[in-house]
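Engineer: Take a look at the following structure, please.
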Amino acid sequence: MRLIRNFVLVFSLFLLVTACNDNKTTLVVYTTHGKELVEEFVTDFEKKNPDVRVYSIDMGSQDALDRIRSEKANPQASVWWGAPAPLFMQAATESLLVAYQPTWSSAIDSAYRDEENFWYGTFLTPEVIAFNSEKLSKESAPQDWDDLLTPQWRDRIVIRSPLASGTMRAIFVSRITESLRRGGTVEEGFNWLQKLDENTHSYAADQTMLYIKLARGESEVTLWNMPDIMLQHNVNNYPFDYIMPKSGTVIVTDCIALVRGGQHQQLAQKFYEFVTSKDALIQQAHKYYRIPARHDIDMQSLPEWMREPIKAIPMDWKLFAEKSNEWMRYWDEQIRNRGK
Amino acid sequence: MQNSEQKRALSISDKTNFYPLRWFVLLILGITVVYPLLHLLDRSTVVDGGRSLRNYLHFWNWNAPFLDALWGSVWISVASVFFAGIIGVSLAFLFERVDLPAKSFLSAVATLPIVLPPLVGVVAFVFLWGESGIIPRFLQFAFELSAPPFYLEGLSAIIFIHAYSFYVYFFLFTRAAFQRMDGATIEAAQSLGASYFTILARVIFPQLRPAISSAAILVFMISMASFSAPFLFGGEYRVLTVEIYNSKLQGDMPMAMTQSVMLGVISLLFLFLNLQTESEASGTGQKGVPLPPRPIQRVLYRRIALFIAVVVSLILASPHLTLLLLSFAQNGSWTSQIIPETFTLANYTSLFFNHKVSEPIMNSSMMAVLATTMNFIIALAAAFWITQRRWRAGRVAEVMIMIPWAIPGTVVAIALIVVFNTGHWFTAGAILVGSFWILPLAYFIRHLPIVYRAAHAAFSRLDPFQEEAALSLGGSAWLTFRKVIFPAVRPGVMAGVLLAMVMSLGEFVSSILLYTFTNRPISMAILNEMRLLNLGTAAAYGVMLTIIIFVITWLANRWDE
Amino acid sequence: MARVRLQNVSKAFDTVQAVDNVSFEVKEGEFFSLLGPSGCGKTTTLRMLAGFETPSAGSIFFNDTNVTTAKPQHRNVGMVFQNYALFAHLSVGENVAFGLRARNVEKHEIASRVSRALAQVDLSGLENRAVSALSGGQQQRVALARALVVEPQILLLDEPLSNLDAKLRVETRERIRSIQKKLGITTFYVTHDQEEALTQSDRMAVFFNGKCEQIGTPREIFNQPVSREVMAFLGRANFFQANVVEPGLVRLPGDRQIKINNNEIKAGTQITLGIRPHHVELYAREPNFVGEVSKVTYTGAFEELVLRADELQIEAVVSFQNAGEKIQIGDTIPVKLPPEKLTIF
Ligand SMILES: Nc1ncnc2c1ncn2[C@@H]1O[C@H](COP(=O)(O)OP(=O)(O)O)[C@@H](O)[C@H]1O
Ligand SMILES: [Mg+2]
């Protein structure tokens, strides 16, 4: 009897809990933008739409793509907010996204959006050389990409393992495309990466490990994106600073899209518009160091440091989407740790 | 005249049977265990719509890192067995042969690694022994060095963690063998004039060998399946489980499937080895006088023994203490200091009062209860028929139940993804991937063997005449099961159920591949807090899990007595 | 109380013929023992009576009802198991009450019947004890009370004394017998100990290799065993090969002729003679032959002797009243095998 009673108890508890969640519409958002930023906008959105509960799941960008791909037959998320454009391109080719033309579609450069409206850019994220500011100063840190290859930095660099990181992929692939753009070969690009591998002290399994290793001075230098570095510096007081590479840097377009087959498409569009509105972008710029991709925002309303243009190296994102998997696999099989 | 086999079945049918339920058990096992694995095997040989072994050929390409990963896994496992074996067996010797001071306290400490959930344990090690961990930093500071004198990383870290986590198996198995050993055999050898080392080599060791070798195979299997340590600590070192995860992350499902099949096959091989040595180990069952530990006479030696014991227990408890310390640290406050310096209770209050933080706890509890309830029903039913009713198809059911014991969680998860990405008649057309139910299902599959083994052992100890006594007193089938059979096996079965519950609560390996927003479990919350550098919150989750596990393990041990 | 009839009952397990074509009938209120060496099929027979095994062939009747395939729950038998099979998780009282609960007896009646049953076995007031806290003898009595409280029509006991020490055994045996007599319940008692069977049975059956060799009162079986095996199993015995010289006279090895009380066996027939040691007459006035003492064993009340006469070897017993002086190895004693005590096979 006790057995049956316990079972009934547990089961009713279960029903109770599931029932609790049922009186609100749920909107699921996969995002890579970090808890602080996302939670702020989710809360605001929920305040404006009291009958909606937004579940935002924060994860790595490759994770997000993988999840959407795995759930293709049974999509859970309706909005995918954040991750570099190539991942969105890949998702679009795999028919994981649904086209949506935002109200501000005319206010964005065609380089930062999909022709068929599958995805739009939200932020322009420059990749930078980041360093531990307790150990190095703006002057003593490496100033450009090639500086990283000098013997001076041997075993002083930590690299986030690039396979699962959109940011690192963009940086690595850009070294190869740069070589091609200057009339070189893919092999020369790999050579560059090989030399970097020789100077690399360790590969961090994830972003956190990277921050920890850098913050605690295990390694002094890393390659990462600027907003994250600044956010960690400000929110967690980590001794981080960055150098914008002299020869220019890759600028990754952080994008947003709607997931094909996701529930509550109307609501999803509403959320999409909400987090990419002018006000939202300005707020994100000030608080979270995010450079808006829209060009119709008044320069004066943006933080001062954002007003000067960043020297960008052009990147063929189509080529990136096509080749990055192959190149990364080659790197993983033939270069990683082979130089030691 | 009918043949005797039929007659026997007939005479059994006079007892309680719940006959049709048997086929229900087989059906469930078929759907949840066998079908996904076979389906995985099938799909891994399909390339571009045609049947081909191309995936496997790439796997065996000598330059491919997958082979590196295979060797990596094997090598790590061998080393883990070696070190865990040395630690576990020598501790067992120490406990059984030497009359240590404060023995019962020490033996509780020696099993501490058990109560550390896999992911949490690894996280604790990162903070303690990692390059910027407490101990290397402290040494660097204490000796005014420019760099930490040593730290754990990559291969050495994985092996260190494995040795720490898995020596317990050697320890417990060897201790049990010591306790089964007949002390008279040693006295006999002494009286025949054998030296201490002869006795060790010729008398003691042969009696421990079956226990040690089954622990070795078990640890090898667990090391092959280990995911959290190489995932967080591995850095450049490749192992199969992490490669599978990476392949999946890259969207290369064919490769993930192929690697899963390879890992699964190796693990199954070891399962069969294990089952064999195990029957060997339990075969030496004659009970004798247990041999008493040797008292330490000299005061100096006693002090030394005590000192060693204290040091060892400090080392063993260090991950737990680290977690405890960190759980009070303010998020983001620990950078270049040796230990965190700003403390707060906020991490704990948020566990209970912050909805977003407490939700994973609710999720995990719910899923653990669901999965374990199903485990309980299926394992109890299968063990009942197999041990009590000489169920012939029971052998098949038993094999099906034990398979998940060998198959690493990563492989189970990949198989589930492959199968439940479409609807089936047995899911009423629903697609389970991306739904709440996929995780309880994975937990159910993974922990079925634990509950089954507990139930099987409990039923094997059951006096068969109890049931007959009840029946002859006029008890109906159901009354007899409820009032006599079940109460008699309950302590053992519940111990298994609690263990499974604990493992479900902290499950990480398949969760990382299967979770969705409706069922985000504690382990994923920990990983995410780590990602967001909320080390305090992550540690608080870890401490809470550890406490739950500790309480439940303690309860289970009490019930099993 | 029931009459029980087994009709050509057999039971086979795989290759083992555990019970082989057994038939007998037991009267109401009879105390019936099943005696035989280990593995001869006693337990199997008992379990078929209880309903735990179904016969491969033959039928079982309680009174005139065929119960061959009836379920154990529906037979209303009480069984005491060799290891008692007490429910360890239940108290003494709950153990005894189990059968009453199964029969949906009302609560207050359960309580009074349980205490009466416990009183019957001298365990009054132990209702709330854990069974593990009882001694072996007490556990045995709880098992008995549990079997009896439901007022079964037959009582089955499978070696109920085998786990008790020698002194308790006699005491318990007597208790079982007296309760059985008082209740007048038909009882089957399985044992491999001939003394137990002989002392308390109304009638008994002796089993060998699944076959029922002989059925009868203890006296009949002890004194007129039908086979050499039965005779040997029921106590010590001397056996001799003999050749019938003429009706009523046989020749033992060593050309010793002795008389037998049977004139129907034809001359030239090979027979076996059996005689129990205490029936061998020593210091007889008309000895058949003289034996030389080859072994003397002192047992307290008796001396057991082994005597040799050529290749004959004879066990005999001497009580001290008969022995005039101390018997030593090498002594020669006149021996007589009285015809009326010889069993012929
Ligand atoms: N369940 C069974 N399966 C197979 N053989 C059995 C079984 N039960 C008894 N036997 C065999 O039947 C024979 C008679 O057994 P049993 O009735 O227990 O003998 P007893 O009680 O006289 O010692 C033995 O040879 C025994 O091995
Ligand atoms: Mg028997």
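What follows is calculated from the coordinates using simple rules that are stated; it is not laboratory data. Bear in mind the structure is a predicted one, so any value in this text is a computation, not a measurement. Please note: Cβ atoms are built from the backbone with ideal geometry, for glycine as well, and neighbour counts cover all protein chains shown.
Engineer: Using helices alone, I'd like the mean residue ellipticity at 222 nm for chain A: each DSSP H run of four-plus residues gives -39500 (n - 2.57), total over residue count, nearest 500.
Structural biologist: -12500 deg cm²/dmol
Engineer: Under the rule of -39500 (n - 2.57) per DSSP H run of 4 or more residues, summed and divided by the residues of chain B, what mean residue ellipticity at 222 nm is obtained, to the nearest 500 deg cm²/dmol?
Structural biologist: -23000 deg cm²/dmol
Engineer: Also, I was wondering about something else. Return the long-range amide H neighbours of residue C:57 (sequence gap of 5 or more, or a different chain), with a cut-off of under 5 Å between placed amide H atoms.
Structural biologist: Excluding prolines and chain starts, which carry no amide H, the hits are C:10.
Engineer: Quick check: the distance between the Cα centres of the stretch C:19-38 and the stretch C:171-223, to the nearest angstrom?
Structural biologist: 9
Engineer: Over all residues in C:84-92, what is the mean tally of Cβ atoms on other chains that come within 10 Å of each residue's Cβ?
Structural biologist: 5
Engineer: Okay, moving on. Going by how many other beta carbons lie within 10 Å of each one, how would you line up A:323, C:167, fewest first?
Structural biologist: Going from sparsest to densest Cβ surroundings: C:167, A:323.
Engineer: Using the charge dipole of the protein assembly as shown (Lys, Arg: +1 at Cβ; Asp, Glu: -1 at Cβ; taken about the Cα centre), state which of B:329, B:197, B:346 has its Cα farthest towards the positive end.
Structural biologist: B:197
Engineer: May I ask you to list the aspartates and glutamates whose Cα is less than 14 Å away from that of residue C:107, ignoring any residue fewer than eight positions away on the same chain?
Structural biologist: Counting by Cα, and skipping residues close in sequence, residue C:107 has these aspartates and glutamates nearby: C:94.
Engineer: Something else about it: Would you mind giving the mean number of other chain beta-carbons within 10 Å of the Cβ of each residue in A:69-78, as a whole number?
Structural biologist: Mean inter-chain Cβ contacts per residue within 10 Å come to 6.
Engineer: Sticking with this structure for a sec: Listed highest first by mean packing, meaning other Cβ atoms within 10 Å per residue, what order do B:168-176, B:253-261 come in?
Structural biologist: Order by mean packing, descending: B:253-261, B:168-176.
Engineer: Within 10 Å of each Cβ in peptide B:415-422, how many partner chain Cβ atoms are there on average? Round it to a whole number, please.
Structural biologist: Per-residue shielding by partner chains comes out at 1.
Engineer: Pull out the extension gain between residue C:259 and residue C:82, defined as 0.36 nm times the separation in residues minus the alpha carbon to alpha carbon distance; nm, one decimal.
Structural biologist: Value of the extension gain: 59.1 nm.
Engineer: To continue, here is another question. Once amide H atoms are placed 1.01 Å from N in the peptide plane, what residues at a sequence separation of 5 or more from residue A:241, or on another chain, have their amide H within under 5 Å of its amide H?
Structural biologist: Distant-sequence amide H within range of residue A:241: A:131, A:133.
Engineer: Of A:287/B:356; A:138/A:278; C:211/C:295; A:318/B:356, which sit over 30 Å apart, Cα to Cα?
Structural biologist: A:138/A:278; C:211/C:295; A:318/B:356
Engineer: Something else: Can you list the HN-Hα couplings for the stretch C:85-96, worked out from phi with the Karplus curve (6.51, -1.76, 1.60; θ = phi - 60°), rounded to whole Hz and with x for Gly and Pro?
Structural biologist: These are the phi-based 3J(HN,Hα) values: 6, 6, 7, 5, 8, 10, 6, 4, x, 5, 4, 5 Hz.
Engineer: If you don't mind, there's one more thing I want to ask. Output ³J(HN,Hα) for the stretch C:121-135: one whole-Hz value per residue in order, computed from phi by the Karplus curve 6.51 cos²θ - 1.76 cosθ + 1.60 with θ = phi - 60°, and x for Gly and Pro.
Structural biologist: 9, 6, 10, 3, x, 9, 3, 8, 5, 7, 5, 5, 8, 9, 6
Engineer: Please report, in debye to the nearest 20, how large the charge dipole of chain A is about its Cα centre when each Lys and Arg carries +1 at its beta carbon and each Asp and Glu carries -1 there.
Structural biologist: In total the dipole reaches around 740 debye.
Engineer: With a 10 Å cut-off between alpha carbons and a GNM built on chain A, which of A:180, A:149, A:258 moves the most?
Structural biologist: A:180
Engineer: Please work out the Cα center distance from the stretch B:483-519 to the stretch B:189-218, rounded to the nearest Å.
Structural biologist: With the stretch B:483-519 and the stretch B:189-218 each reduced to a Cα centre, they are spaced 37 Å.
Engineer: When the helices in chain C are scored as -39500 (n - 2.57) per DSSP H run of 4 or longer and the sum is shared across all residues, what 222 nm value do you end up with, to the nearest 500 deg cm²/dmol?
Structural biologist: My calculation for chain C gives -7500 deg cm²/dmol from helical runs alone.
Engineer: For a quick check: with amide H placed at 1.01 Å from N, whose amide H comes under 5 Å from residue A:291's, ignoring anything fewer than 5 positions away on the same chain?
Structural biologist: A:124
Engineer: Can you run phi through the Karplus equation (6.51, -1.76, 1.60; θ = phi - 60°) for the stretch C:195-200 and list ³J(HN,Hα) in whole Hz, with x for Gly and Pro?
Structural biologist: 5, 4, 5, 5, 6, 10
Engineer: I need the calculated FRET efficiency for the pair residue B:107 and residue A:146, taking r as the beta carbon distance and R₀ as 41 Å, to the nearest 0.05.
Structural biologist: Efficiency computed from Cβ-Cβ geometry: 0.10.
Engineer: Could you check which residue among C:133, C:232, C:147 shows the biggest mean-square fluctuation in a GNM of chain C with a 10 Å Cα cutoff?
Structural biologist: Checking each option, the largest mean-square fluctuation is seen for C:133.
Engineer: Enumerate the aspartates and glutamates that residue C:341 could reach by cross-link, defined here as Cα to Cα under 13 Å, with residues fewer than 8 away along the same chain left out.
Structural biologist: Output for residue C:341: C:281.
Engineer: Still on this structure, I have one more. How far is the Cα center of the stretch A:294-316 from the Cα center of the stretch A:277-291, in Å?
Structural biologist: One Cα centre to the other: 12 Å.
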